[in-house]
1. Suppose only helical runs count, i.e. DSSP H with n ≥ 4. What mean residue ellipticity at 222 nm does that imply for the chain under -39500 (n - 2.57) per run, divided by all residues and rounded to the nearest 500 deg cm²/dmol?
2. Among residues other than Met306 whose Cβ falls under 14 Å from its Cβ, what is the net charge (Lys/Arg +1, Asp/Glu -1)?
3. Would you check region 212-355 for Lys pairs whose C-alpha atoms are within less than 29 Å, ignoring same-chain pairs closer than 8 in sequence, and give me the count?
4. Which percent of the Cα-Cα distances in region 212-355 go past 17 Å?
5. Is any residue of region 273-306 close enough, with backbone N under 19 Å, to a label point placed 7 angstrom from the Cα of Arg350 along the Cα-Cβ axis, and if so, which?
6. Can you give me the convex hull volume of the Cα atoms of region 211-253, divided per residue and expressed in Å³?
7. Using only the alpha-carbon atoms, how far is helix 258-271 inclined from the longest principal axis of the chain? Give it as 0 to 90 degrees, nearest 10.
8. Distance from the Cα centre of region 168-239 to that of region 368-417, in angstrom?
Amino acid sequence: MTEQLPPTTPDVPDTSLAEEEAVRLTSELIRIDTTNTGDPDTLVGERAAAEFVAAQLAEVGYETTYVESGAPGRGNVVARLAGSDPNRGALLVHGHLDVVPADASEWSVHPFSGAVQDGYVWGRGAVDMKDMVAMSLALARRLKRDGIQPKRDIIFAFLADEEAGGHFGAQWLVENRPELFEGATEAISEVGGFSITVKDGVRAYLIETAEKGIAWMTLRARGRAGHGSMIHDDNAVTKLTQAVSRLGTHRFPIVLTDSVREFLQGISDITGLAFDEDDLEGSVAKLGNIARMIGATLRDTANPTMLKAGYKSNVIPSIAEATVDCRILPGRQAAFERELDEILGPDIEREWVGLPPLETTFDGALVDHMTSSILAEDPGAKALPYMLSGGTDAKSFAQLGIRCFGYAPLRLPADLDFSALFHGVDERVPVDALRFGTRVLDRFLRNC
Ligand SMILES: [Zn+2]
């Protein structure tokens, strides 16, 4: 049930200035190259981007906190807007300032040009996630400038290092500066709130309620070192590659979590498309562009990505290692490891780094506000929960007990392959979508 919301206050100034700022700020943020290769020595731009954001906030009267998270130049900015009801938990609105690398020779426009043309803002970060950073920043400015007090505290956080796991960003702040997020009970950020057009122009907005866990696993086999010319029956390379091959071709079972089940049910309600439990992957494939993303949330995956062994052609090494990128569904860790025991056997050592999955329910007052704010701007649409197969800074904030959602609203053209734009060539965001998202978020932030 969607609760009855109070009507918009008639004397609240409209959002046209904030909408223009969201477009301008997206472009200006893209022009600050914040490429994060994962190697701290190649770091550029994060400090400049954080200082730019801090200046935009200070200009309208915010007190900002600038924190370098664990290393020089890893700039983060946090600011708080006081709400009218101190008894309510704060809402965290977070976004990362870094982007993945882009090779300019592959692009139609320069990836750090922030060009506004053909109805789009172009450049690396346009959808991941300088769009949401710009909308949040524009609305932080709008609320302050127009003297609008939200009901609850809103904490705006602009963060470093998401693209390399947040160890010099969200994760560092959660471990070292948790007081910056004091009182926060819920959070919104990227990779949710965008539309897909499912049937006859009916749009579904996908609100992220869950993320698969990231588990990067190192496998290690040990054997006896020896000369490559001899008979040798204890070869680490052979043992390791057999195990990697078994794992790489293994299919984990389909397990529907609540988020995925509700998503499929919602799509079914709109389209009449039945999802055959015996051929779920076949059914999901009919969803078009979004199938890649949804398909990856039906089961755990384990993709071998790196191999390392040996140093000379005629020396059998005593150790061989492989890295496997495992993505594990909420609630599946123990079962996943039991399957690994069987697939890998007792002789292969395992080491893990990563972050656990998360899943929250698609209900409650915040979800009602997310849904109604979208429907106010796009009547006839439907909001559905979904699970992200990748990871975001939400994984870090969930460790503080914060309930995390992906809610960066964008109304997208039906034929735009949105998921391909993430880390893709010619990343771009429709100007109309930014304006739409700013209106939706404005309504949401004022009322939630
Ligand atoms: Zn991102």
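Throughout, read-outs are computed from the coordinates displayed, never taken from laboratory work. Remember, predicted model here, so these are calculated numbers, not experimental data. Cβ placement follows ideal geometry from the backbone for every residue including glycine, while neighbour counts extend to all protein chains displayed.
1. After summing the helix terms and dividing by the residues of the chain, the value is -9500 deg cm²/dmol.
2. Cβ neighbours under 14 Å give a net charge of -1.
3. Lysine pairs, 8 or more places apart or on different chains, close enough: 4.
4. When all Cα pairs of region 212-355 are counted, 66 percent exceed 17 Å.
5. 299-306
6. That works out to 89 Å³ per residue.
7. Once rounded, the angle reads 60 degrees.
8. About 19 Å separates the Cα centre of region 168-239 from the one of region 368-417.
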